[in-house]
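What follows is a set of notes on a single structure, which appears directly below.
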Amino acid sequence: MKVVLAYSGGLDTSVIIKWLKENYNCEVIAVTADLGQEEELDNLEEKALETGASKLYVENLQEEFVRDFIFPTLKAGAIYEKKYLLGTAIARPLIAKRMVEIAEEEGAEAIAHGCTGKGNDQVRFELAVKALNPRLKIIAPWREWNITSREEAIDYAKRHNIPVSATKEKPFSIDRNLWHMSYEGGALEDTSWEPDEDMFLLTNSPGSAPDEPLYLEIYFEKGIPLNINGKEYSPVELLRKLNKLAGLHGVGRVDLVENRLVGMKSRGIYETPGGTVLFLAHQELESITLDRDTMHFKEMVASQYALILYYGQWFAPLRRALDAFVERTQEKVTGTVRVKLFKGNCFVVGRKSEYSLYREDLATFEKGELYDQKDAGGFINCFGLPLMVQGLLERKSKGD
Ligand code: ARG
């Protein structure tokens, strides 16, 4: 039997290789997805083979990640519980998709992952596998074995001569890709504890960010960011560039307690520097290019979209249907947004579009042609009629 394992080279997935071979008597094919986490991938193959894998696939999925997962999420305006830009949630379905393909090419029977039984990621991986190839078995060692802590995992590794560099102190659980970096667990489990500055890897502390603001002009076409300050970038390069600039200015930190799908609340810290800028700029461009009703309706779609992604239902029919709606709304979301990055903030300071619905002659306090203030009186009479009736009734009941 062959098993395809989502492999990072860390403690857990190293232990899993051995454990799978011992308990399932199988061949383990390791897969590492490169989503821009900028981890050392050079010696990974050696390590995987040494630990007992028969093969390691290192898959560079960065471009597909940005094009087919990040940009649709950006266009939808999806954000979970008002704060979380879903960086981990959107990566899982892509990793799972590539693993299913490899499992099929390799004739493997099962897919294994190192997610614990307490988090959202197990759900996301497994829903994607179920959707893409329901015949594949799923093995989740954390839900099966009796290793219950990091210390026990280290002991297991030692007993089995697995080379690991992990120490027994409680580190954060970290997940990184091109869109974001997340930190959970360890000292963060105390929700009143403020993390030390040295935890943050992608952003400067706002206090030590440059004293001069940085102005950026971001150009979008149909909701997709194409260039910064007139210079065109590929999707991956654009995100890298923005991460650097926004990170330098301390933009994109979030500290939240979120509701996990499996029930408990959990405290997480996120750094999404480039993503925060893109999210704000895109929303701003929509404010001039979408009509009022579409904009308001899209807010509902955005929150539903965020739930679907957070819950791991990327491959569900509803996500595709919502994408069709979002796609249609983006036809005129073309134009430029000017932002100012300063000490942890991203201020929007200007927006323009050839499709702008904003009309100075309408909005102006000066006299305009298109709008007659006298019309507003009649409008208010009709719009307020139900309230008037209600008011009359209430006064009557008070004996008026
Ligand atoms: N709580 C976030 C989410 O559910 C981040 C999860 C991070 N995952 C991890 N394995 N460290 O999307």
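The values are calculated or read from the model by the stated rules, or taken from the named source; none is laboratory data. Just so it is clear, the structure is predicted and the values come from calculations on it, not from any experiment. Don't worry about glycine lacking a Cβ; one is built from the backbone with ideal geometry, like all the others, and counts go over all protein chains shown.
Residues are listed down the side, and each one gets a yes or a no for (1) more than 22 Å from ILE79 (Cα to Cα); (2) within 29 Å of the chain's Cα centre (by Cα):
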{"position": "VAL301", "(1), (2)": "no, yes"}
{"position": "ALA306", "(1), (2)": "no, yes"}
{"position": "ASN345", "(1), (2)": "no, yes"}
{"position": "GLY350", "(1), (2)": "yes, yes"}
{"position": "ASP361", "(1), (2)": "yes, no"}
{"position": "ASN381", "(1), (2)": "yes, no"}
{"position": "VAL389", "(1), (2)": "yes, no"}
{"position": "ASP400", "(1), (2)": "yes, no"}
Mind checking whether some residue in segment 382-390 is in a loop (DSSP other than H, G, I, E, B) and either of a type in the set (S, T, N, Q) or at pLDDT below 95 (or both)?
-> no
Over segment 199-219, the set of residues under 14 Å from ALA246 (Cβ atoms) and small (Gly, Ala, Ser) is SER205, ALA209
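Scan segment 348-363 for residues that are assigned to a helix (DSSP H, G or I) and either touching a Phe, Trp or Tyr at 6+ places or on another chain (Cβ under 9 Å) or closer than 30 Å to SER208 by Cα (or both) and jot them down.
Of everything in segment 348-363, those that are assigned to a helix (DSSP H, G or I) and either touching a Phe, Trp or Tyr at 6+ places or on another chain (Cβ under 9 Å) or closer than 30 Å to SER208 by Cα (or both) turn out to be ASP361, LEU362.
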Answer residue from segment 255-285, given it is buried (at least 17 other Cβ atoms within 10 Å of the Cβ) and among the β-branched types (Val, Ile, Thr) and is nearest to the ligand (Cβ to nearest atom) among those | ILE269
Might you check whether a residue that is over 22 Å from the mean Cα position of the chain (by Cα), in a helix (DSSP H, G or I), exposed (fewer than 15 other Cβ atoms within 10 Å of the Cβ) and at pLDDT 95 or above occurs anywhere in segment 207-222?
-> yes
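For segment 52-63, give me the residue count where each residue is under 30 Å from PHE220 (Cα atoms) and crowded, with 16+ Cβ neighbours inside 10 Å. Step through it out loud before you land on a result.
Of the residues in segment 52-63, the ones under 30 Å from PHE220 (Cα atoms) are 59-63.
Filter once more, keeping what is crowded, with 16+ Cβ neighbours inside 10 Å: 59, 61-62.
Total satisfying the criteria: 3.
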Only one of LEU49, LEU85 is over 30 Å from GLU221 (Cβ atoms), of a type outside the set (Phe, Trp, Tyr) and at pLDDT 95 or above; which?
-> LEU49
State which residue pairs qualify: first residue free of Cβ contacts under 8 Å to residues at least 24 places away in the same chain and inside segment 265-277, second residue aliphatic (A, V, I, L, M) and more than 10 Å from the ligand (Cβ to nearest atom) in any location, beta carbons under 6 Å apart, and separation of 6 or more residues or different chains.
-> LYS265/VAL257
